[in-house]
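What follows is a set of notes on a single structure, which appears directly below.
Read the figures in this text as sums done on the coordinates, not as results from a lab. Bear in mind the structure is a predicted one, so any value in this text is a computation, not a measurement. Positions of Cβ are backbone-derived with ideal geometry, glycine not excepted, and every protein chain shown enters the neighbour counts.
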């Protein structure tokens, strides 16, 4: 479900490989996220480009993932139109820094450079 695609100088890039985050997969997502981020100390960027569907359980899992980072930022990137709509309708785009692509997330100075799209 989660693949670690890059770790450098405290930066962790995770790629979500599932195409849905819903009630059926939310618990597995949260467990995988906690395991992947257990030893991270810096930025966490999550690529959601494979995700084509997210329901309220999926959104709740994303909030739980953010909370598990204990004050660190969880930056998202690669949101498909349907997933982006969920974040905008619920105003979660104000909570999560969102970048158009992984490359743009990496090039930014962190959460401050997000949400420009």
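Structure summary
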item: Boolean, residue 4 is touching a strand residue (DSSP E or B) at 6+ places or on another chain (Cβ under 8 Å), part of a strand (DSSP E or B), on the phi < 0 side of the Ramachandran plot and in contact (Cβ under 8 Å) with a residue 60 or more places away in the chain; result: no
item: Residues (farther than 15 Å from residue 12 by Cα, over 11 Å from the mean Cα position of the chain (by Cα) and not in a strand (DSSP E or B)) located in the range 30-57; result: 30, 31, 50, 52, 55, 56, 57
item: Residue in the range 8-18 that is more than 12 Å from the chain's Cα centre (by Cα), surrounded by fewer than 16 Cβ atoms within 10 Å (Cβ to Cβ), assigned to a loop (DSSP other than H, G, I, E, B) and free of Cβ contacts under 8 Å to residues at least 24 places away in the same chain present; result: no
item: Residue within the range 29-43 that is in contact (Cβ under 8 Å) with a residue 40 or more places away in the chain, crowded, with 19+ Cβ neighbours inside 10 Å and in contact with a strand residue (DSSP E or B) (Cβ under 8 Å, 6 or more places away or on another chain) present; result: yes
item: Members of the range 19-28 that are within 15 Å of residue 53 (Cβ to Cβ) and surrounded by 14 or more Cβ atoms within 10 Å (Cβ to Cβ); result: 20, 21, 22, 25, 26
item: Tally of residues being surrounded by fewer than 16 Cβ atoms within 10 Å (Cβ to Cβ) and in a helix (DSSP H, G or I) across the range 64-99; result: 9
